[in-house]
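One structure is given here, and the rest of the page talks about it.
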Amino acid sequence: MSAIGLGIPTLRPEAALPPLATRRVSRKIMVGSVAVGGDAPVSVQSMTTTLTSDINATLQQIAELTASGCQIVRVAVPSQDDADALPIIARKSHIPVIADIHFQPKYVFAAIDAGCAAVRVNPGNIKKFDDRVGEIAKAAGDAGIPIRIGVNAGSLDARLLKKYGRVTPEALVESALWECSLFEEHGFRDIKISVKHNDPVVMIEAYRQLAAQCDYPLHLGVTEAGPAFQGTIKSAVAFGALLAEGIGDTLRVSLSAPPVEEVKVGNQILESLNLRERGLDIVSCPSCGRAQVDVHTLAEKVAAALEGFPAALRVAVMGCVVNGPGEAREADLGVASGNGKGQIFVKGEVIKTVPESQIVETLVDEAMRIAEERGLDVEGETGATVVAMAASD
């Protein structure tokens, strides 16, 4: 197979680094306006936690997810009331909506008729799903809507559980590829696949095997990853391992936390791997006995004051003179603190020394000046928010 580029958005010249691996070759599909696979950048998804039938609440949460950087959103469709709400939600959402279908194949057709951007099906828990593949393939094909075949460890087909004795990477992959083959028999290949497991080791191996056996775009996920801290670690480890090998076209971080947090973690994972232009990057020391300032609190205040900054910006917050000045000089903007004062650096040059009480305000002022020098609009809502947060410190 020939290789293609990673599809990484253009970075600032000083931040550009070569990719960790050549991107796996996959076919490209369109989930509404978002390209998935091929040379398209890796996209971040999440799922609403509202009752889909509550249209206003669902649209409000989708708006919040969109503002946090979510590119594709999934909504659950367990009932007829939820299916009835899909046309309005799909029409009013500013990002593509995927209908998540379990148990009832009739809701697949309802989602297609409603104008959803894609449909996710779980073959392991939809009764007689294989018997309806032909109908689903025709309806989706006629509407130009892709299907995600989502295989989960918790709902694997009983036949495969009996064959393998437990949920193994091989069992997950066999289930996914079997379902793909049924769609292929009807000429339908507008497919995306996921093979999720709650154990990152099993999940990683399953995706590696799947990537070697097909060219469909892959949706990454560690299912039931856990509370925010544990789930973030599991997802970062699993996604990092696969993305560093060029495997993965779109992802969802599954957390027992508000869905906006899933999006923040997903975006941060991509930024950390240079698969997305880095936004606000706070570099802060872990603190130790040498620290002459409360680094944790200071870093949190700086991050809060600059949240939503409209440009890629690396800010160093250091607590002593050992690593502080050197690290601060490597950033766009930074502070090395000690003895109740802070040395402010911009592009490696000390521009001023200010009292500790003025560090956050000064960093915000310099950040705004940097944005203006780059020709960015900092007079709108984002800039107003930054200034207001700094003023309330």
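The values are calculated or read from the model by the stated rules, or taken from the named source; none is laboratory data. Just so we're clear, the structure is a prediction, and the values are computed from it rather than from any experiment. Because the Cβ atoms are built from the backbone with ideal geometry, glycine has one as well, and the counts that use them run over all protein chains shown. Note: areas computed on protein heavy atoms with side chains; ligands, DNA, RNA excluded. Shrake-Rupley method; radii C 1.70, N 1.55, O 1.52, S 1.80 Å.
So the values come out like this:
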| read-out | value |
| --- | --- |
| For the chain, accessible area per residue (1.4 Å probe, heavy atoms of protein chains only), Å² | 44 Å² |
| Apportionment of accessible area to carbon and sulfur, the chain, percent (1.4 Å) | 52 percent |
| Heavy atoms of Leu177 accessible to a 1.4 Å probe, total area in Å² rounded to 10 | 40 Å² |
| Mean Cβ neighbour count within 10 Å, used as a protection proxy, ranking 140-148, 156-164 highest first | 140-148, 156-164 |
| Mean shadow area of region 184-327 over all directions, Cα convex hull, nm² | 11.3 nm² |
| Counting all C-alpha pairs of the chain, share separated by more than 38 Å (%) | 27 percent |
| Partner aspartates and glutamates for Lys192 [C-alpha distance under 14 Å; skip if fewer than 8 residues away on the same chain] | Asp100, Glu179, Glu184, Asp215, Asp249 |
| For Thr223, solvent-accessible area (1.4 Å; no DNA, RNA or ligand), Å² | 20 Å² |
| Solvent-accessible surface (1.4 angstrom probe) belonging to His102, in square angstrom, nearest 10 | 50 Å² |
| Descending principal axes extents, region 68-157, alpha-carbon based, whole Å | 35, 28, 24 |
| DSSP bridge orientation in the chain - percent antiparallel, rounded to nearest 5 | 30 percent |
| Part-to-part distance (alpha-carbon centres) for region 238-266 and region 130-206, which is given in Å | 20 Å |
| Sparse-neighbourhood loop sites, GluC sites (Glu not before Pro) in region 180-222 - DSSP loop, at most 16 other Cβ within 10 angstrom | Glu185 |
| Along each principal axis, Cα extent of region 40-118, largest first, Å | 32, 28, 19 |
| Mean ellipticity per residue at 222 nm, deg cm²/dmol - from DSSP H runs of n ≥ 4 across the chain, formula -39500 (n - 2.57) | -13000 deg cm²/dmol |
| Over the chain, relative contact order from alpha-carbon pairs under 8 Å, at least 6 apart, % | 13 percent |
| Principal-axis tilt of helix 80-92 within the chain, Cα atoms, nearest 10 degrees | 50 degrees |
